[in-house]
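Okay, so here's the structure we're looking at.
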Amino acid sequence: MHPSKKKRLKRAKATRMKIRDLGVSRLTVTRTPRHIYAQVTSAEGGKVLAQASSLDKEIRDQNKGNASDAAKVGSRIAQKAVELGLKKVAFDRSGYKFHGRVEALAQAAREGGLDF
């Protein structure tokens, strides 16, 4: 495993341990060079409540793999979570830097009504 990936996974694990102590639902972000994925899991961590990605039909047609697509995914996941009655979530960026696409997704989710 590449050293930078080891560091990212170590950061992700530390974040998840803190989120577990909070006892709220978790908004998890995963990114690849071309796509970005977001899902809201239950506080216990065993059930996915909502998910959105750049592969969704509404977003896929104009997909460029950039921050504007990430913002669309963020607003979509916020819309789905609010429909389920979730307002308070913990943001799990999976060890990625809060920059670029991850930041765009987070800002769009906040504007969509999620609180983290």
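Within the straight-line cut-off of under 22 Å between alpha carbons, the lysines reachable from residue 64 are 72, 97, sequence neighbours fewer than 8 places apart in one chain being disregarded.
Pairwise Cα distances in the stretch 3-111 exceed 22 Å in 28 percent of cases.
With the simple spin-label model, which puts each label point 7 Å out from Cα in the Cβ direction, the residue 32 to residue 111 separation comes to 2.7 nm. A simple spin-label model places the labels of residue 6 and residue 51 3.1 nm from each other, with each point 7 Å out along Cα-to-Cβ.
Among 35, 2, 99, sorting on how many other beta-carbon atoms sit within 10 Å of each Cβ, with the fewest leading, yields 2, 99, 35. Restricting attention to the stretch 3-111, close to 75% of DSSP beta bridges with both partner residues there are antiparallel. Subtracting the Cα-Cα distance of residue 44 and residue 79 from 0.36 nm times their residue separation leaves 10.4 nm of extension gain.
Every read-out reported here was derived from the displayed coordinates using simple, explicitly stated rules and does not represent laboratory data. Small disclaimer: the values here were computed from a predicted structure and weren't measured. Note that each Cβ is placed from the backbone with ideal geometry, even for glycine, and that neighbours are counted across all protein chains shown.
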